[in-house]
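Here's the structure we're looking at; comments come further down.
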Amino acid sequence: RPSPIRAMPPPSSVRCVLIIAAVASTGAVARPGGAGFAFGAARPVPSAAVEVVREALHSAPPPLAPADSLHAGRWVKLICGASNQDVPAIRNLALVFTLSGVDCIDLCADAAVLAAAEEGVAAACRIGESARVPVRAPWLMLSVQDGEDDVHFRKATFDASACPAECPRPCVAVCPADAIAMPVAGEGSVEHAQGGMDALPHGVAEDRCYGCGRCVPVCPYDRINTYLHATDLAHVRELLHRVDALEIHTRPGHVGGGQFAALWAELGVEATRALELLAISAPDLGPTMGEDMRALDAIVRGEGSQAAAQLPLMWQLDGRPMSGDVGKGASAPAVELAARVIAEHPVPLGEGVHFTSVAGGANAHTAHRLAVRGLLNTEGGVHGVAFGSYARRAIGRVLAELPEGTFNVEENGAVFARALELAHELVAGVKHASVIEDDSKLLPVDE
């Protein structure tokens, strides 16, 4: 179908070249954990990486452009986390999921994080070109919030030196980001769930924490707190020209309370001029869900310009935030919310401007759950799926196998092959309605 999107991205080869050139010209440097870590230098493509990509993707269908995936109902987004600043991991996630055909990568509104994602996409494009495998650069998206009560924009904190020696440290075990390091008595080092964290300070590694909050209720001494990871809107405006999409997280009461309108007044003009897509991420807003969706749409279109009228709007239905890795049924609330919204049809869904995706609990079982409800790859279904904590943890466990001193996943053929296999299966499950025969190899989850 004809796309209503105002300015289609260049063809994949051109767009990849543009991203490579942009990253190389910025010479962006990020320093996770205080250590030097440079992005931007175009390293030679490892021959092992080329062979891995040829083997993994030689029979894969050519990837659709993000806008075409959206209209076909086969849109897949990787959520890196609205407050996740783990720069090395984000770089590798962007690389692996770009090669796997993801359509969008959602990021913390941070210049270093964006530079890392750009470098990962550029590296994927270089590998694809060397392997003669078609690769399309995904849209890059920044996430912001319209208030101070959104769980996606928080981080945990506590004083590890004050923790009693007899504490069983359940916080270490439950942290899905491996972001908590604790002293090991008598050894002068630290322990944590996956190892390899000796360089981190004791307590919470701020860059890795993305605010899931699982550590807070399990602390036997009630010593873990959370704080707001604030978004600087002036900084966001400076970054908008480097991305394709913006996501605004809203909460119940924020429409009537004016928070969303106030945020849109700050960013709306630049957003409608610069972007290919606006996403509104919302949980179940209750009985007023449909009414609130219409009100939000009216705010976005309110300025009356043609750009505002044509801006595609993705309704990201956030069922159970940051929970995809906790169990097979974690996506059930998001699927039920999507079914309800689609049945109510509060805005003209699927008619060129309004689209829906499920998030909050998405995992390897989500595609099957949607298909059973008749909501996947079908007219009148959802247009996409956004994978967050599940995807990050599944691939993160593979990335943790990189040898010490190896930061780029493509430099280790075995780890790269495993990460690409897992990411490709997850993406293909939505795009091609394929059934993952052995989803336990992605990430074991509880029933």
Pairing a residue in the stretch 150-174 that is of a type in the set (S, T, N, Q) with any residue that is part of a loop (DSSP other than H, G, I, E, B), where Cβ atoms lie under 7 Å and the two sit 6 or more apart in sequence or on different chains, gives SER161/HIS202
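How many residues does the stretch 110-149 hold that are in a loop (DSSP other than H, G, I, E, B), of a type in the set (A, V, I, L, M) and either touching a His at 6+ places or on another chain (Cβ under 9 Å) or open to solvent by 30 Å² or more (accessible area, probe 1.4 Å) (or both)?
Adding up the residues that qualify gives 1.
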Restricted to the stretch 236-282 and to residues being open to solvent by less than 10 Å² (accessible area, probe 1.4 Å) and among the small types (Gly, Ala, Ser), the residue farthest from the chain's Cα centre (by Cα) is GLY268
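Within the stretch 283-337, can you find the residues that are polar (S, T, N, Q) and either under 19 Å from the mean Cα position of the chain (by Cα) or buried (at least 22 other Cβ atoms within 10 Å of the Cβ) (or both)?
GLN316, SER323, SER331
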Exactly one of ARG393, ARG369, ARG397, ARG373 is of a type outside the set (Val, Ile, Thr), open to solvent by 40 Å² or more (accessible area, probe 1.4 Å), at pLDDT below 95 and in contact with a Pro (Cβ under 9 Å, 6 or more places away or on another chain), and that residue is ARG393
Margin query: Quick check on the stretch 407-418. Is at least one of its residues charged (D, E, K, R) and modelled with pLDDT under 95?
Written below: no
Selection over the stretch 220-230 where residues are assigned to a loop (DSSP other than H, G, I, E, B) and out of contact with any helix residue (DSSP H, G or I) (no Cβ under 6 Å at 6 or more places or on another chain) yields a count of 5
Output for Cβ contacts, cut-off 8 Å, separation at least six or different chains, first residue under 18 Å from GLU291 (Cβ atoms) in the stretch 331-344, second among the polar types (S, T, N, Q) and part of a helix (DSSP H, G or I), reads none
GLY101 meets each of (1) on the phi > 0 side of the Ramachandran plot; (2) touching a Phe, Trp or Tyr at 6+ places or on another chain (Cβ under 7 Å) with one exception, condition (2)
Going residue by residue through the stretch 239-246, is there one that turns out to be within 30 Å of ARG169 (Cα to Cα) and assigned to a loop (DSSP other than H, G, I, E, B)? no
(Q) For the stretch 150-169, check the following and say yes or no: at least one residue is open to solvent by 50 Å² or more (accessible area, probe 1.4 Å) and assigned to a strand (DSSP E or B). (A) yes
Reported set for the stretch 400-411 where residues are open to solvent by less than 50 Å² (accessible area, probe 1.4 Å) and part of a helix (DSSP H, G or I) is VAL409, GLU410
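The values are calculated or read from the model by the stated rules, or taken from the named source; none is laboratory data. None of the values given here were measured: they were computed from a predicted structure. Ideal geometry is used to build each Cβ from the backbone, glycine not excepted, and the neighbour counts take in all protein chains shown. Surface areas here come from the heavy atoms of the whole protein model, side chains and all, with no ligands, DNA or RNA. Shrake-Rupley method; radii C 1.70, N 1.55, O 1.52, S 1.80 Å.
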